[in-house]
Structure formats: C-alpha cells, structure tokens
Amino acid sequence: MNIAIGCDHGGFQLKTIVIKELQKWGHKVEDCGAHSLVPDDDYPDYTLPVAKSIQEGRCERGILICGSGIGASVAANKLHGIRAAICHDTFSARQGVEDDNMNILCLGGRVVGASLALEVIKTFLEARFSGLERHQRRLDKVEEFDANN
Ligand code: RB5
C-alpha cells in the first residue's frame, strides 16, 4: 500500500521507527516530513501534505504523529475528503476503518510507545471499509456537513 506519513517534533522519534517498519512490511512510504527534529515546528505544516497525498490519489492511507495526536487530527479533519482519528488501541483502529472509512490514523508520540503504535498501525492498514448500507448512510451525512457548513 502507498502510505503518506508526517509528524512534528512531538512525533519525530516515533515516525523514524514507523517508517522503517512500514518499509519492512513492504509498503511504499511518502515521507511528508518533518525531515529533521525542529523543536518548535508546527503540526499543520505536515498535516497538509499528508492530506494532499490522499486527496490527489498518490496514497490510500496516511499516518500523522504529533505529541498527543490531537492537533494533527483536528487539522486533518478540516480538509476535504479526510477522515482522521486518534487511535491508541487496535479495536478503534479496526472499527474506524471498517465502519467510518478512516483514511488517516493519528498517533500521539508522547502517549504511546513504539510497540503499541506499530500494532495499531498494522491493524489500521489491514482493515477495509465494510461498505455496509448503514455505515455508508452515516458517511453520506458526514459528507453533507462538509458540503453545506
Ligand atoms: C507540540 O508541542 C504539541 O502541542 C503537538 O505536537 C501536538 O501534541 C498538538 O496537539
């Protein structure tokens, strides 16, 4: 799978570990930065290129890592066609895709360790949207928010 990944200073260390592992698993990774640890950089600057990569069809899924995961998810959900959420457990990572068609997983680099983060990421990447009528109906209503508000 093609995966876009981005982080600010709060997620830099974890992103380095995650990229290596994604490549070992056979995924193609688009690294949207930060490309070095910049202690006062801003998560929206890395959120936008990850979202664009999905919007433009280069990547199917994205991963964003900031300190808590919150800033990145708030920013990502402002962008058309993005369905982002913080998941620090595998149940949410699976259900977020199967039911809600989540396309960006947000993680808090100051919240989870690398082992848990990798398990959550694996679950997120293996999950597929169920396409069930009730879930599609709910997503259509969410799309209306995007279009009308
Ligand atoms: C940066 O210190 C921190 O606020 C940021 O990484 C993120 O956690 C925001 O939600």
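Just so you know, all these numbers are worked out from the coordinates, no wet-lab data involved. Nothing here was measured: the structure is a model prediction, and the numbers come from that model. Quick reminder, even Gly has a Cβ in these numbers, built from the backbone with ideal geometry, and neighbours come from all protein chains shown.
Is segment 23-38 home to any residue that is in contact (Cβ under 8 Å) with a residue 40 or more places away in the chain and more than 13 Å from the chain's Cα centre (by Cα)? Yes, there is a match, as at least one residue in segment 23-38 is in contact (Cβ under 8 Å) with a residue 40 or more places away in the chain and more than 13 Å from the chain's Cα centre (by Cα). Scan segment 53-78 for residues that are outside any strand (DSSP E or B) and either touching a Gly at 6+ places or on another chain (Cβ under 6 Å) or free of Cβ contacts under 8 Å to residues at least 12 places away in the same chain (or both) and the total you get is 10.
Looking across segment 89-124, just one residue is touching a strand residue (DSSP E or B) at 6+ places or on another chain (Cβ under 7 Å), within 16 Å of the ligand (Cβ to nearest atom) and assigned to a loop (DSSP other than H, G, I, E, B), and that is 109.
For segment 41-52, the set of residues classified as of a type outside the set (Asp, Glu) and assigned to a helix (DSSP H, G or I) consists of 44, 46, 47, 48, 49, 50, 51, 52, listed by residue number. Find the residue count for segment 33-47, including only residues that are crowded, with 21+ Cβ neighbours inside 10 Å and out of contact with any Cys (no Cβ under 9 Å at 6 or more places or on another chain). Adding up the residues that qualify gives 0. Scanning segment 1-37 for residues that are in contact with a Lys or Arg (Cβ under 6 Å, 6 or more places away or on another chain), under 14 Å from residue 104 (Cα atoms) and either part of a loop (DSSP other than H, G, I, E, B) or more than 16 Å from the ligand (Cβ to nearest atom) (or both) returns 2, 3.
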